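Visitor: I'd like to ask you about the structure that follows.
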Protein chains: 2
Amino acid sequence: MLGLGKKLGPPQENEMERRKETAAFWFRNLRDDICDAFEKLERDAGGYDMYTGEPGTFERKHWDREQGGGGEMSIMRGRFFEKVGVNISTVHGEFSDKFRKEIPGADKSPAFWASGISLVAHMSNPHVPAVHMNTRFIVVGDGGLEGEDSGRFWFGGGADLTPMFEDKDAASRFHEAFRICCDKHGEGYYEKYKKWCDDYFFLPHRGEPRGIGGIFYDYLSSGDWEADFAYTQDVGRTFHDIYPEIARARMDKPWTDEDREAQKIKRGRYVEFNLLFDRGTKFGLMTGGNTEAILMSMPPEAKWP
Amino acid sequence: MLGLGKKLGPPQENEMERRKETAAFWFRNLRDDICDAFEKLERDAGGYDMYTGEPGTFERKHWDREQGGGGEMSIMRGRFFEKVGVNISTVHGEFSDKFRKEIPGADKSPAFWASGISLVAHMSNPHVPAVHMNTRFIVVGDGGLEGEDSGRFWFGGGADLTPMFEDKDAASRFHEAFRICCDKHGEGYYEKYKKWCDDYFFLPHRGEPRGIGGIFYDYLSSGDWEADFAYTQDVGRTFHDIYPEIARARMDKPWTDEDREAQKIKRGRYVEFNLLFDRGTKFGLMTGGNTEAILMSMPPEAKWP
């Protein structure tokens, strides 16, 4: 099993800086690659009558965070991608007292550093699933430079798919892609992270899952930073390859007004999950994050008829 | 000042039962009166070209709560009232351990009884404000029959208005009506409950209020149950009179597609408030309430473009 075995001592200060830079650089590159792939899909949709008008392109907007750091939102409002937001951010500061209690390692030091990529796509065509992907690297305190009690660092993230209607083919392709990805990096990763995803993306008040799941992992710090980072990179690459494949395969499928109505109602459930339960949304709003970037995940239109 | 002065001893058991019945009966009657007034508005809208089709009528749906009690949802999907839900419920049971900590008096006993009415109206015409009204009577433990430590009881509620655009006339009429109502019942009630409303219906992540406010009160237990109940009744009556007046005065105002778009975006903020911050929503979902009834407050359509 990769990622375990080599137990490193506490990282040196410049080593932690190198890790932060490396991770942040990766998230930015992944953002660029995903935006390119999505813009290509958006252009290719012009081959079908249902997608009218010019192809959308990503608009980029930089924001600074008062307490430290900032990010870039990329948003495309297109014909195939009705609304897709891809955010990267690298922020640092101190957790509020209230929030510290919920973060491992933050009881000793309120300082944090976090970098990540977060993406939600809502599609015009109700037969094309909505999708979410997020990966992040988080350092609390000094990351453990001074020993166990001085902080922690970890990776987290995942990806999950939300078809509007039952879509066994999409589900099995998505799951299979992440199974292959996980199996390359850690024994039991797939089973554990798939279950975590199913448990997490569930609306208890509806008694229904948000979508068909995928994978969800958090607090990944196996002792081998390079291995954990490689896994996190592979989650991003897997998403980059599988989602466009699933979306493209459904691009030509026509839809009815009833399909569109069902899609808007399903999107209402998405809103409920994100505002009632999503940890990223809470984390963002509680740490004074950029509201526009955090709520970019909201669907362009939703219904509660 | 009414409502203070006569300090009653702890109520007798049958006295508390009488209060519960009296309050629940009032909430039901108020529901009937409001539904009648709203159906009349819905019929009268037929005099204007913008409101097409047959007038809506309320559909009523009873629900039972597994732990004890139940309620009735009344929902109308009409031409003037795009979607309006009026719920009454009378429930009892025990608070979950997690929730007990947040409820005064529940540390000694987890038992609760609660009855109330809750209403949210989303209007077709963007020039007619959305509105919310809720009043409730809550008894924790035995309501204090065995002394201070054995429980508490109180009234809570309020009403607030959400115009889609600046509407000084609507704001001043709404505020004035509740000022008159409050001034009849307690010195300082209006100032205190108006401020509480402004503080409560605020979206910190947007730095904006949900609407123009109104009044919000909670934990009202002055020592004179009859006075507190009379105030709660008057809040209901005031709402019953003022909202239809404001709505009717705007019924003939035509709107554009741009107005409607702005309305849907404003409704998105309403969704954000209700799912991120609203205590009634949280209370309902955390006490195993009826999801359909609780989320009846969601607007029929909302946008995050």
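Please treat every number below as a calculation from the coordinates, not as lab data. All of these numbers come straight from a predicted model, not from anything done at the bench. Here the Cβ is made from the backbone with ideal geometry for all residues, glycine too, and neighbour counts use every protein chain on show.
Visitor: Over the Cα atoms of chain A, what Rg and Dmax result, in angstrom?
Guide: 19.3, 62
Visitor: For chain B, set up a GNM with springs between Cα atoms under 10 Å and report which of B:115, B:124, B:172 has the largest fluctuation.
Guide: B:172
Visitor: While we're here: In the protein assembly as shown, what percentage of the DSSP-assigned beta bridges are antiparallel, given to the nearest 5? Don't skip to the answer; put the middle values down first.
Guide: Numbers: 117 of 117 bridges.
That works out to approximately 100 percent antiparallel.
Visitor: Here's a follow-up. Using Cβ contacts closer than 10 Å as the measure, can you line up A:76, B:286 from fewest to most?
Guide: On the way: A:76 21, B:286 14.
Ascending Cβ contact count within 10 Å gives the list B:286, A:76.
Visitor: Please report B:152, B:206 as a ranked list, fewest other C-beta atoms within 10 angstrom at the top and most at the bottom.
Guide: Working: B:152 21, B:206 14.
Fewest-to-most ranking of B:152, B:206: B:206, B:152.
Visitor: Exposure proxy check: B:265, B:246 ranked by fewest other beta carbons within 10 Å? Can you show the working numbers first?
Guide: Working: B:265 13, B:246 20.
Fewest-to-most ranking of B:265, B:246: B:265, B:246.
Visitor: Mind giving me the nanometre distance, one decimal, between the label points for residue B:25 and residue B:60, set 7 Å out from Cα along Cα→Cβ?
Guide: Label-label distance for residue B:25 and residue B:60, simple model: 1.7 nm.
Visitor: Continuing with this model, one more query. In nm, to one decimal, how far is the residue A:48 label point from the residue A:169 one, both placed 7 Å along Cα→Cβ?
Guide: Modelled inter-label distance: 1.2 nm.
Visitor: If you don't mind, another one. Is any helix in chain A, taking whole DSSP H runs, at least 20 angstrom long along its axis by alpha carbon and on average at least -1.0 on the Kyte-Doolittle scale, and which ones? Can you show the working numbers first?
Guide: Numbers: long enough: A:13-44 (47 Å, -1.36); A:168-183 (22 Å, -0.43); A:225-250 (38 Å, -0.72); A:257-276 (29 Å, -1.33).
Those that pass (Cα extent of 20 Å or more, hydropathy at least -1.0) are A:168-183, A:225-250.
Visitor: Averaged over peptide B:281-291, how many Cβ atoms belonging to another chain are found within 10 Å of each residue's Cβ? Don't skip to the answer; put the middle values down first.
Guide: Working: counts 3, 1, 0, 1, 4, 1, 0, 2, 1, 1, 6.
The mean count of partner-chain Cβ atoms within 10 Å per residue comes to 2.
Visitor: Identify, among B:78, B:45, B:35, the residue whose Cα sits farthest towards the positive end of the charge dipole of the range B:1-117, taking +1 on the Cβ of Lys and Arg and -1 on the Cβ of Asp and Glu, with the dipole about the Cα centre.
Guide: Checking the options against the dipole of the range B:1-117, the answer is B:35.
Visitor: Here's a follow-up. Pick from B:167, B:49, B:241 the residue whose mean-square fluctuation is largest in a GNM of chain B, springs joining Cα atoms under 10 Å.
Guide: In this elastic network of chain B, the residue with the biggest mean-square fluctuation among B:167, B:49, B:241 is B:49.
Visitor: Under the definition of partner shielding as Cβ atoms of other protein chains within 10 Å of a residue Cβ, what is the mean value for peptide A:296-303?
Guide: Across A:296-303, the average partner-chain Cβ count within 10 Å equals 5.
Visitor: Considering only DSSP states other than H, G, I, E and B, which GluC sites (Glu not before Pro) in the range B:154-228 qualify as loop sites with at most 16 other Cβ atoms within 10 Å? Can you show the working numbers first?
Guide: Working: sites: B:166, B:176, B:187, B:191, B:226; in loops: B:166, B:187.
Of the GluC sites (Glu not before Pro), the ones in loops of the range B:154-228 whose Cβ has at most 16 other Cβ atoms within 10 Å are B:166, B:187.
Visitor: With a point put 7 Å past each Cα toward its Cβ, work out how far residue A:36 is from residue A:199 in nm, to one decimal.
Guide: So the label points at residue A:36 and residue A:199 sit 3.8 nm apart.
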